[in-house]
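Structure record follows, encoded as C-alpha cells.
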Amino acid sequence: AENKDEELKDTEQEEQKKKEGEAAEEKTEENSEDKIKELEDKYMRLFAEFDNYKKRTLKEKDARYADAVIDTVAAFLPVADNLERAQSVEVEGEEAKKVLEGVSLVMKQFKDTLSKLEVSEIPAVGEEFDPNLHEAIMHIEDENKTENVVVEEFMKGYIYKKDRVVRHSMVKVAN
C-alpha cells in the first residue's frame, strides 16, 4: 500500500511537472512571438529612419551643388557683361571685325556653358515687373506703356533651374 501511495504520488508529481513544462513552453512561445514582433517593429523603424536619412542627405548634397553653381556663375557674370559690351561696339577695319567675331564666339561658348549648367537668362523687356526676378533701378511715366511693365534692361539677370535667382535683372519700369 505504501508503494502504491508513493507511485501515485510520483505519478501525480510527474503529471504536475509535465503540466508546468507545457505551460512554460506556451509562455516561451508567447514570449518568442512578442520578441519577434518587437524586433520586426525595431527593424521597420530603423529601415524607415535610414531611408529618411538617405533622402535628407541627397537633398543636402543637391543644395550644396546648387549653391556652388550659383556662386561660381555669379563670379563669372561680370566677364559675360564685358563680353556683351565688347560685342556692341561698332568697329572698322578687317582686324577689328575678326576680333569682334572672336568675342562673339567666346560669348556663344559662355552661353552654351551656362545652358549646360541649367542657368538661363531672366526675360525682362516687355514682361511684367516681378520683384522676385527684377530689380527696378529706374521708373518712368509713359502713357503709351502698360502699367508695371519692364521697358528697358540695364543688366541681364540669370536664374538657376527656373527657381533660384543667380542675379536679378536691373531694369527700368513704366508707370
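List of remarks:
- Only helices enter the 222 nm calculation for the chain: every DSSP H run of n ≥ 4 contributes -39,500 (n - 2.57), and dividing by all residues gives -23500 deg cm²/dmol, rounded to 500.
- Where the Cα pairs of segment 98-174 fall when distances are cut into 10 Å bins, in %: 20, 38, 28, 14, 1
- Taking 0.36 nm per residue of separation and subtracting the Cα-Cα distance, full extension of the segment from Asp67 to Leu39 would add 5.9 nm.
- Within the same chain, aspartates and glutamates fewer than 8 places from Lys145 are excluded, and of the rest, those with a Cα less than 19 Å from its Cα are Glu127, Glu128, Asp130, Glu135, Glu153.
- Glu135 long-range amide H proximity, modeled H, under 5 Å: Ser169, Met170, Val171
- Checking the cross-link pairs Lys55/Lys116; Lys111/Lys156; Lys116/Lys172; Lys116/Lys161 against a 19 Å limit on the alpha carbon distance flags Lys55/Lys116; Lys116/Lys172 as lying beyond it.
- Diffusion of the chain by Stokes-Einstein, at 10 °C in a medium of 1.306 mPa s and with Rh set to the Kirkwood radius over alpha-carbon pairs, works out to 68 µm²/s.
- DSSP-defined antiparallel bridges as percent of all bridges, the chain, nearest 5: 65
- Residues whose amide H comes within less than 5 Å of that of Glu127, counting only those at least five positions distant or on another chain, are Val150 (H built at 1.01 Å from N in the peptide plane).
- Taken along the Cα-to-beta-carbon direction at a fixed 7 Å, the label points for Leu46 and Glu15 span 4.8 nm.
- Percent accessible area from carbon and sulfur atoms, the chain, protein chains only, probe 1.4 Å: 51
- Calculated from backbone phi, Karplus (6.51, -1.76, 1.60) coupling profile of segment 159-175 in Hz, x at Gly/Pro: 9, 9, 6, 6, 9, 10, 6, 7, 8, 6, 6, 8, 9, 10, 10, 8, 6
- Extension gain from Ala96 to Glu6, taking 0.36 nm per residue of separation minus the Cα-Cα distance: 19.9 nm
- Karplus-derived 3J(HN,Hα), 6.51/-1.76/1.60, for each residue of segment 48-63, Hz, glycine and proline x: 5, 4, 5, 4, 5, 4, 4, 5, 5, 5, 5, 4, 5, 5, 4, 5
- Among 145-152, 36-43, the order from most to least packed when residues are scored by Cβ within 10 Å on average: 145-152, 36-43
- Couplings for segment 147-154, taken from phi via the Karplus curve 6.51 cos²θ - 1.76 cosθ + 1.60 with θ = phi - 60°, read 5, 6, 10, 6, 10, 8, 10, 8 Hz in order; Gly and Pro are left as x.
- Around the Cα centre of the chain, unit charges on the Cβ atoms of Lys, Arg, Asp and Glu (plus for the first two, minus for the last two) sum to a dipole of about 1440 debye.
The values are calculated or read from the model by the stated rules, or taken from the named source; none is laboratory data. Everything quoted here is computed from the prediction, not taken from an experiment. Positions of Cβ are generated from backbone atoms using ideal geometry, with glycine treated the same way; all protein chains shown enter the neighbour counts. Note: accessible area is taken over every heavy atom of the protein model, side chains too, but ligands, DNA and RNA are not part of it. Shrake-Rupley method; radii C 1.70, N 1.55, O 1.52, S 1.80 Å.
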